[in-house]
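Report on one structure; see the data block that follows.
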Amino acid sequence: MNMIDKKRKKKITKENALKVMKKYLKNIDTGRMQHSLRVAQTSKRLAQKWGCSKEDAIIASLLHDIGKSMSKREMLNLCARNEIPLYDFEIFETAKALHAKVGSLIFEEEFSDDDREKFQSISHAISCHVAGDSEPMSLLDKIVFIADNVEPNRNNHFLEQILSNKIKTPDECIRLLIYHKTQKAKNKNLELNPMLNATLETLEEER
């Protein structure tokens, strides 16, 4: 990745997030851009419901998949150059698991950290949207993770259950989503991303 002069880095705004999303995704998959827009709209609704910054949720969601603009080789090289810890599943099972960490690095390369708290919060939400985190997640982290999994085209009925209060809290929703992913992996005889179990364990410890 080319270094961007600090003076040329973008201010963290919804408008700039949309520009950066298009910059990285427009040449690979228009469906991916549409997905990101749906996730942003879903995040906005969840942020309003659960009391999180709507702007931060929208920005993180617009940018959550920009790491998918890179090949597996490019992702591995970028993580190595930045000394990002990886686990076996990310290296050997599926490159898709890497794109969250890569997306976080791209975000940090593109945007100014003048508002350090906002910068770190959005970067972390992007980095853990695939499988959560073994450390306690912020409300923004949880909202982006959930929105990515429940946006309307997922057709899994989770969103309507959240909006109707059948699912009341972010933690309850994440537990149900991880159970859903676990059953899906078993049915397809696939290995489950181990970070999902670590995320679940952390949620249980926080109870």
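The values are calculated or read from the model by the stated rules, or taken from the named source; none is laboratory data. The model shown is predicted, which means the values in this text are computed figures rather than measured ones. Reconstructed Cβ throughout: ideal geometry from the backbone, glycine too, with neighbour counts over all protein chains shown. Keep in mind that these areas ignore ligands, DNA and RNA; they rest on the heavy atoms of the full protein, side chains included. Shrake-Rupley method; radii C 1.70, N 1.55, O 1.52, S 1.80 Å.
Remarks
- Proximal lysines relative to Lys49, as straight alpha-carbon distance under 16 Å, when same-chain residues fewer than 8 apart are discounted: Lys142, Lys166, Lys168
- The modelled label-to-label distance between Gln48 and Glu74, using points 7 Å beyond Cα along the C-beta direction, is 3.6 nm.
- Fully extending the segment from Glu117 to Lys168 would add 15.6 nm, taking 0.36 nm per residue of separation and subtracting the current Cα-Cα distance.
- Karplus 3J(HN,Hα) series, Hz, for the stretch 40-53 with 6.51 cos²θ - 1.76 cosθ + 1.60 (x for Gly, Pro): 4, 5, 5, 4, 4, 5, 5, 4, 5, 6, 9, x, 10, 4
- In Hz, Karplus ³J(HN,Hα) per residue of the stretch 108-115 (6.51, -1.76, 1.60; θ = phi - 60°; x = Gly, Pro): 5, 6, 8, 10, 6, 9, 4, 9
- Relative contact order for the stretch 47-160: 28 percent, from Cα pairs under 8 Å spaced at least 6 residues apart, divided by residue count.
- Backbone amide hydrogens, once placed in the peptide plane, bring Phe111 within less than 5 Å of Lys10, excluding anything fewer than 5 places away on its chain.
- In the full protein context, the chain carries 53 Å² of accessible surface per residue, based on a 1.4 Å probe and ignoring ligands, DNA and RNA.
- Contour minus Cα-Cα distance for Asn189 and Asn155 (0.36 nm per residue): 10.1 nm
- Ranking by accessible area, most exposed first, for Ser134, Ser112 with a 1.4 Å probe: Ser134, Ser112
- Only DSSP H runs of four or more residues enter the estimate; each adds -39500 (n - 2.57), and after division by the residues of the chain the mean residue ellipticity at 222 nm equals -19000 deg cm²/dmol.
- Extension gain from Leu86 to Lys10, taking 0.36 nm per residue of separation minus the Cα-Cα distance: 24.5 nm
- Averaging the sequence gap over all C-alpha pairs within less than 8 Å and six or more residues apart, then dividing by the number of residues, gives the chain a relative contact order of 21 percent.
- FRET efficiency, Thr182 to Ser134 (Cβ-Cβ, R0 25 Å, nearest 0.05): 0.90
- Accessible surface ranking for Asp171, Asp29, Asp141, Asp88, 1.4 angstrom probe, highest first: Asp88, Asp29, Asp171, Asp141.
- Answer label for Cα Rg over 2.2 N^0.38 Å (calculated), chosen among (1) 0.98; (2) 1.07; (3) 1.02: (1)
- Whole-percent carbon and sulfur share, accessible surface of the stretch 93-189, 1.4 Å: 44
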